[in-house]
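Here's the structure, in structure tokens; my notes come after.
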Amino acid sequence: MLGQYRFGSSEVRPAERQVLIDGTPAALGARAFDLLLALIERRERVVEKSELFDVVWPGLVVEENNLQVQLSSIRKLLGRDAIATIHGRGYRFVAALETEAPKNGRDREETTTNPNNLPQLRTRFIGREKALDDCADLLHGSRLLTLSGIGGCGKTRLAQELAQRQLFAFPDGVWFVDLGPLQDAERVPAAVATTLGIKDAIESPLERLAEHLKSRQTLVVLDSCEHVIDAAVESVDALLGKCSALKIVATSREALGMKGEQIFMVRSLSLPSTTDLDEIRRSEAVRLFVDHARLVLPDFVVDERNAAAIAEICRRLDGIALAIELAAARVKVLSVD
């Protein structure tokens, strides 16, 4: 009898060809189930598209769009974090199975992902699914991707989520460098070197960085570049010029203005365009409001009584993520109205 796979609130039962979410059977088509099972069974490696076509559609000639449709169905059911897209290579199932939880320190070391210092985020990633896919595509074709937009729009969170999903594409590591606390712009190279764990980089940190990264396939995220932008540009220019396998994602309220820079404008979250209850619930801004409201009121729901008020709050805040999060936290002491 085939084993069962459990991860998070999900359970996959191959023998019964069934997926359960929180113990309740969920609807998933036959092709999507075959695709999910193929990725789980090959979870130790990246699976190329051609192999997935052979497994899921044996002997058939199908368009690539069919694969994307089935992947979309799986991600809608299990969340977008379960399957990583490794651009130019294929896909990999990356959710941690319960039976694979490390038993001791040695096991933990052996089952770890590529080196990284990415923060363990405590809230869910809400909305921006298309933006995330677009950024992944842009990063695949560019060595410098700048996420630009107004303060509080969600640049940092988008960069963190993007970096998390790119872990398996960078065997030498993914590193998040917060430049926000820096008061001295000249400290930018040293801050990056410290984050990467480079010792003895007090003198000539940029040169030490370039030497360290020269042959490494690495992704570096430089967060909050706007207040040290000249120093950030200088560092990025030097590193990209000397490190052929390096890619950089920057977040900044303004573009870096560099040759070869790919800019992605981070817009506000989508707002409901009608008073229809289902549409209000589906909008990104409302989903974020509800998610953060439930952190203080676990039974908070959007219904006919409060939907219009929630939508109005999100509109007045222009769909700005940080503002919505702050407002949602107040539902414990204030009614939505």
Of everything in segment 197-218 that's touching a residue at least 12 places away in the same chain (Cβ under 8 Å) and of a type in the set (Ser, Thr, Tyr), which residue is least open to solvent (accessible area, probe 1.4 Å)? Thr218
Restricting the search to segment 16-43, which residues are out of contact with any Ser or Thr (no Cβ under 8 Å at 6 or more places or on another chain), in a loop (DSSP other than H, G, I, E, B) and either within 17 Å of Pro58 (Cα to Cα) or open to solvent by less than 60 Å² (accessible area, probe 1.4 Å) (or both)? Gly23, Arg42, Arg43
Inter-residue pairs, beta-carbon under 7 Å, first farther than 15 Å from Asp81 by Cα and in segment 1-16, second of a type in the set (Gly, Ala, Ser) and modelled with pLDDT of 80 or more, 6+ apart: Met1/Ala15; Leu2/Ala15
Set Leu179, Leu206: member being touching a Cys at 6+ places or on another chain (Cβ under 9 Å) and of a type outside the set (Phe, Trp, Tyr): Leu179
Go through segment 164-196 and report how many residues are touching a residue at least 12 places away in the same chain (Cβ under 8 Å) and hydroxyl-bearing (Ser, Thr, Tyr). 1
Just to be sure before I move on: is Ala159 among the aliphatic types (A, V, I, L, M), under 14 Å from the mean Cα position of the chain (by Cα) and closer than 12 Å to Ser224 by Cα in the structure I sent? yes
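Looking at segment 71-109 only, could you name the residues that are open to solvent by 60 Å² or more (accessible area, probe 1.4 Å), in a loop (DSSP other than H, G, I, E, B) and modelled with pLDDT of 75 or more? Even if it seems obvious, please write down each step before you answer.
Our first condition is that a residue be open to solvent by 60 Å² or more (accessible area, probe 1.4 Å); within segment 71-109, this holds for 76, 81, 88-89, 96, 98-100, 103-104, 106, 108-109.
If we keep only those that are in a loop (DSSP other than H, G, I, E, B) too, we end up with 81, 88-89, 96, 103-104.
Scanning segment 71-109 gives Asp81, Gly88, Arg89, Ala96.
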For a quick check of your reading: which helices (runs of 4 or more DSSP H) sit entirely within segment 237-337 and have at least 3 residues that are open to solvent by 30 Å² or more (accessible area, probe 1.4 Å)? 277-282, 307-316, 321-328
Criterion: of a type in the set (Val, Ile, Thr) and farther than 18 Å from His87 by Cα - qualifying residue of Val46, Val56: Val56
Against the conditions (1) assigned to a helix (DSSP H, G or I); (2) of a type in the set (A, V, I, L, M); (3) out of contact with any strand residue (DSSP E or B) (no Cβ under 8 Å at 6 or more places or on another chain); (4) at pLDDT 90 or above, where does Leu182 fall short? Just the number, please. (1)
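The values are calculated or read from the model by the stated rules, or taken from the named source; none is laboratory data. Fair warning: this is a prediction, and the values are worked out from it, not measured in the lab. Counting neighbours? That spans all protein chains shown, and the Cβs are built from the backbone with ideal geometry, glycine included. Protein only, heavy atoms only, side chains kept; ligands, DNA and RNA dropped before computing areas. Shrake-Rupley method; radii C 1.70, N 1.55, O 1.52, S 1.80 Å.
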